[in-house]
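First up is the structure itself, then whatever we jot down about it.
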Amino acid sequence: MISRPITSARFRELFPALRSTVWLDTPGAPPGARPVVEAMRETLAAWSSGEFDWLDWDGAAEQARVLFARLTGVAPATVSTLGSLGEAAATVAASLPPGRIVVPAEEFQSNLFPWSARHEVVTVPARGGTTRVEDLIKALDERVSLLAVSEVTSREGQRLDLAALRAATDRVGARLFVNLTQSLGVLRFDAAGIRPDYFAVHGYKWLLCPRGAAWLVTRPDRLSELKPLVPGWKSTNPPYQYFGGPANLAQDARRADASPAWFSWIGAKAALELLTSLDADQVERHCLGLAGRLTDQARAIGLRRVTDGPGSHIVVLHTDRADHVALRLREHGVRATALSDRIRFGFHYFNQEPDVVATMRVLGGGR
């Protein structure tokens, strides 16, 4: 018998926080999903009672690697398990010879600062409040070794044209690093079509994981160059020897694995089991539809997106009273983020039409 995909309504039931809160702050962090929280609660109980085997805990990162590979359509051998996006960027930075790296000036700092430790970084300013794909392309020439971008910009909610950026980097012989932290889990990612040299994601946002579980995917033809940022026992091939040398590094992406924070990875495994049970097309359509409705209704009362670029599941509206608006929203049970001159909303699969209605009721009552 073919099982039906999980509906948004059924998915929503897995988040107890949503009984009292309209949660549009997943770009910051989502509430805990019941299967994830229960997995971690059981782990804490076993830790407290002493009825645990650390080898079982340690295996969660490997299980999560396989689930992540299934979610993104890549081979597990190309996936490194790390602790953060910054660690992923720093690993790639340490694996490349010194060169010029192009990064948007308004990029999230975890995909900005790690590059400057070993490379010349050229930042591309936003124009009209927007990171422009054409400006990024203009900054590329034969001196550039890598372009680092986010598929969806955290500050603007704009979805960059990765196909155009891939074509542009190919023309000058540069590599492409893509941060999927603000997109994977809602937006489908075509790894085979885009062919990024590297892509990475910290799972504590749209992948619903605890903080401390992140992935780096290295294209197969780049694997031989990958160097571990902090070599350790996880950089070697199992069965692990633990003591003494030499350091026989794994031949695949496992050589860049970080020693896992067990509890984070136990939660990550539960989160990915949940997400891989969803219909990816249905999730994307649902979330983009809600974001589009909020965008249209906000425009009707004079609130506009900060960018005219392509939209995503994240809607960022300009307002000169962002802190006031965020406070009013919270007073009415709506969670969003104030960012200087803007207010940010994000739609996951657990959000539904009444969330848009509740938000617009507050926004329409005064800005």
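Quick notes
- Placed amide H near residue 197: partners under 5 Å, 5+ positions off or other chain: 176
- Available extension along the chain between residue 358 and residue 170 is 63.1 nm, counting 0.36 nm per residue and deducting the alpha carbon span.
- Among 306, 350, 318 - extreme Cα towards positive end, dipole of segment 301-350, charges at beta-carbon: 350
- Along the axis of the charge dipole computed for the chain (Cβ charges of +1 for Lys and Arg, -1 for Asp and Glu, origin at the Cα centre), the listed residues 187, 240, 81 are led at the positive end by 187.
- Hz values of 3J(HN,Hα) by residue in segment 180-187 - Karplus curve (6.51, -1.76, 1.60), Gly and Pro given as x: 9, 4, 9, 9, 5, x, 10, 8
- Taking segment 343-363 and a reference point 7 angstrom along Cα→Cβ of residue 34, the backbone N atoms nearer than 15 Å belong to 350.
- In sequence order, calculated HN-Hα J values of segment 218-224 (Karplus, 6.51, -1.76, 1.60; Hz; x Gly/Pro): 10, 4, x, 6, 9, 4, 5
- Extents of the chain, largest first, come to 67, 58, 41 Å (Cα atoms, principal axes, whole angstrom).
- The value of relative contact order for segment 229-268, using C-alpha pairs under 8 Å at least six residues apart, is 46 percent.
- DSSP-assigned coil residues among chymotrypsin sites (Phe, Trp or Tyr not before Pro) in segment 37-106, each with at most 16 further Cβ atoms within 10 Å: 52
- Distances between placed amide hydrogens fall under 5 Å for residue 99 paired with 120, all partners being 5 or more residues away or on another chain.
- Size of charge dipole - the chain - debye, nearest 20, with Cβ of Lys, Arg +1 and Asp, Glu -1, no other charges: 700
- Carbon/sulfur fraction of accessible area - segment 1-64, other protein chains in place, 1.4 Å, %: 56
- Candidates 194, 343, 314: whichever shows maximal mean-square fluctuation once the chain is modelled as a Gaussian network with Cα springs under 10 Å: 194
- Relative to its residue count, segment 42-178 spans a Cα convex hull of 148 Å³ per residue.
- Paramagnetic label zone (point 7 Å from Cα along Cα-to-C-beta, residue 17; backbone N under 13 Å) in segment 318-339: 334-337
- Selected from 183, 224, 49 as most flexible by GNM, with the chain as the system and alpha-carbon contacts under 10 Å: 49
- The GluC sites (Glu not before Pro) of segment 50-146 that DSSP puts in a loop, and whose beta carbon has at most 14 other beta carbons within 10 Å, are 51, 142.
- Rolling a 1.4 Å probe over the protein heavy atoms of segment 275-334, with every protein chain left in place, gives an accessible area that is 47 percent carbon and sulfur.
- Surface analysis of the chain yields an accessible area of 44 Å² per residue, using protein heavy atoms and a 1.4 Å probe.
- Distance between modelled label sites at residue 127 and residue 273, nm, 7 Å Cα→Cβ extension: 5.0
- Segment 22-75, dipole about Cα centre (Lys/Arg Cβ +1, Asp/Glu Cβ -1), debye to the nearest 20: 300
- Segment residue 45-residue 259, length gained on full extension (0.36 nm per residue, minus Cα span): 74.8 nm
- Lys, Arg +1 and Asp, Glu -1 on Cβ, resulting dipole of segment 229-367 about Cα centre, debye, nearest 20: 380
- Trypsin sites (Lys or Arg not before Pro) restricted to DSSP loop in segment 194-224 with at most 16 other C-beta within 10 Å: 211
- The string of couplings for segment 337-348 from the Karplus curve (6.51, -1.76, 1.60, θ = phi - 60°) is 10, 8, 10, 6, 9, 8, 10, 10, 10, x, 10, 9 Hz, one whole number per residue in order, with x for Gly and Pro.
- Computed FRET value (nearest 0.05) for residue 330 with residue 53, which takes r as the C-beta separation and R₀ as 35 Å: 0.25
- Amide H partners (placed H, <5 Å) of residue 250, local residues excluded: 236, 237, 255
The values are calculated or read from the model by the stated rules, or taken from the named source; none is laboratory data. The structure presented is a predicted model; accordingly, all values stated were derived computationally and were not measured. Counting neighbours? That spans all protein chains shown, and the Cβs are built from the backbone with ideal geometry, glycine included. Ligands, DNA and RNA are stripped out before the accessible areas are found, and what is left, the full protein with its side chains, is counted by its heavy atoms. Shrake-Rupley method; radii C 1.70, N 1.55, O 1.52, S 1.80 Å.
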